[in-house]
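Quick notes on the structure that follows.
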Amino acid sequence: LLDGREVTGVDLQRAHLRDASFQRAQLREARLAGADATDARFLSADLTDADLTEATLREADFTRATLRGAKLVGADLRRARLFRADLTGADLTGANLLGADFSGAVLDGARWTDGQRLCAAGSVGNCQ
């Protein structure tokens, strides 16, 4: 769909994006709140400061994606793949992470699902 495209600030709130492909796309500050991106592919995409509040991201692939400062509040990330993704400073308050793969993911300063805990510097793969 948007592989390799520059769409900074795009408004895709509540959009139906199942199985969509955003590989290497520039989605900085994109608004994807409430979107259904089940099984979507965001490999190596830049989602810095994107708003994914309450988005459905089940089984989405964020391998090597940049999600620095992204808002994932209440997002459904069940079985999502975040292998080596950069979630520095991301907000995961209330997110459903059941079965999500954070192998090698950078979580420095990320706000964890309880909305209270901030992941320590050097958190890779899990919030410390």
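The values are calculated or read from the model by the stated rules, or taken from the named source; none is laboratory data. Keep in mind the model is a prediction, meaning the values are calculated, not measured. No Cβ is skipped: glycine too gets one built from the backbone with ideal geometry, and neighbour counts run over all protein chains shown. Just so you know, the surface numbers come from the protein's heavy atoms only, side chains and all, with ligands and any DNA or RNA stripped out. Shrake-Rupley method; radii C 1.70, N 1.55, O 1.52, S 1.80 Å.
Computed from backbone phi, the HN-Hα couplings of segment 6-12 come to 9, 9, 3, x, 4, 9, 10 Hz, rounded to whole numbers (Karplus: 6.51 cos²θ - 1.76 cosθ + 1.60, θ = phi - 60°; Gly and Pro given as x). Apolar share of the accessible surface for segment 3-128: 42 percent from carbon plus sulfur atoms, 1.4 Å probe. Anisotropy class assigned to segment 21-63 is oblate, per the alpha carbon gyration tensor with a/c at or over the 1.5 cut-off and a/b no larger than b/c.
For segment 24-29, 3J(HN,Hα) computed residue by residue from phi via the Karplus equation (6.51, -1.76, 1.60; θ = phi - 60°) reads 6, 6, 9, 10, 4, 6 Hz, glycine and proline entered as x. Amide H contacts under 5 Å for GLY69: ASP49, THR88, GLY89, ALA90, restricted to partners 5 or more places along the chain or on a different chain, H placed in the peptide plane at 1.01 Å from N.
In this structure the amide hydrogen of ALA40, modeled in the peptide plane, comes within under 5 Å of the amide hydrogens of ASP19, ALA20, ALA60, ASP61, none closer than 5 places in sequence on its chain.
The modelled label-to-label distance for the pair HIS16/SER103, using points 7 Å beyond Cα in the direction of Cβ, is 3.4 nm.
Taking every protein chain into account, the accessible area of the chain amounts to 46 square angstrom per residue (probe 1.4 Å). A Cβ-based charge dipole, computed about the Cα centre of the chain with Lys and Arg at +1 and Asp and Glu at -1, lands at about 180 debye.
Remark: the Cα gyration tensor places the chain in the prolate category, a/c being 1.5 or greater and a/b exceeding b/c.
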